[in-house]
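Working notes, structure below.
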Amino acid sequence: MPVRAEHDRAVLAELLTRDPVLHAYQLGDLDDFFWPYTSWYRRDDQVALLYHGVELPTLLAFAPPERTDDLAALLTEAAPVLPARLWAHLSPGLEATVTRWYEVADAAPHHRMALTEPDRLARVTPAGQVLDRADLPALHHLYAAAYPGNWFDPRMLDTGQYVGIHAGGELVAVAGVHVWSPTWRVAALGNVTTHPRQRGRGLATAAVAALCARLRDTVEHVTLNVRADNTAAVRLYERLGFTRVADFTECGLHRR
C-alpha cells in the first residue's frame, strides 16, 4: 500500500495503541485538544505525524527496531509533501533516510522513558499546587530564567496537569505535561524545571512526584522524553521509577 493521508482517528488509534508507550505523544494528539493541528501519513501499519500547532512543524516517526525499514519507506514516499523546514523526532537510523531530501542540524540522541516502577515513586514526598491561567505570568518568568527555548504551550495549563512549587511568594519549580489523554490513557511529562537559585533541593523531584500521582488517576502510561546526555535528569527520573524503553533522535530538517 503506498503512503496516504489518514483522517480516520479510529484507524490511527488502533495502530498506535499496539505500542502506547512508543506512541504516547501521537495518541495524545488524537484528542480534540490537538487534533486540528495534526496531519497523519500511513503506509500499511506504519504511521507518521506532522504536528503544526507550533511555529516550526514537528514530525514524529517512531518504530521498533525490527520495523524501521518499513517506516523508512513511508518517509521516502511522504518526503515530497513535507514542509521545507521542520523539527523531527525519529527512530534511530531514520536520519539517514531523510538526508536524501534534507540537511540535518542539531541532532541529539534522546531516550523515551516510562514509569514502570511506581513503588519508587511512592517513596518520594510530593509537593506543589496545581497551576492555572492565573499563574501564567509567573510561569513565563520561571521559564525565562530556568528553561528558555522550552516547548511550553500556554493552552496546556487548561489541562490542570501542571504542578508548581512556590518559595517566598515566587514560583520556583514546575512539572507539567506535553500530552495528557484520559481517552487513550497516556501522558507525557514535559517542561520540568527549577529556578537556578533553588536547584539542589529536590524541588523538581517533589513536583514530578506530585504530578505523577495525579496523572495515575486518569492514565495507564506515564512517559517522557529526555536528552541522552542529560544525566542528571535521567537519574532523577530513574529515582522516581522511570526506565528507558526506546531511543530516538531529535533534529532540525531543512530541505536541500
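Summary of computed values
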read-out: Whole-number percent relative contact order across segment 67-212, with pairs defined as alpha carbons under 8 Å at least 6 apart; value: 21
read-out: Segments 84-94, 178-188 sorted - mean Cβ within 10 Å per residue, highest first; value: 178-188, 84-94
read-out: Rough spin-label spacing in nm, given labels placed 7 Å along Cα→Cβ, for Asp158 and Asp132; value: 1.5
read-out: Computed lengthening from Arg227 to Ala79, 0.36 nm per intervening residue step minus Cα-Cα distance; value: 50.7 nm
read-out: Dipole of the chain, positive direction: furthest Cα of Leu131, Leu59, Gly252, with charges on the beta-carbon; value: Leu131
read-out: Potential extension, Arg256-Arg197 segment - 0.36 nm per residue separation minus Cα distance; value: 16.9 nm
read-out: Spatial separation of Cα centroids for segment 186-256 and segment 1-40, in angstrom; value: 23
read-out: Label-point gap, in nm, between Val54 and Arg235 - each point 7 angstrom along Cα→Cβ; value: 2.7
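None of the figures in this text is laboratory data; all of them are computed from the coordinates on show. Please read these numbers as outputs of a predicted model, since none were measured by experiment. Cβ: placed from backbone, ideal geometry, glycine included. Neighbour counts: every protein chain shown.
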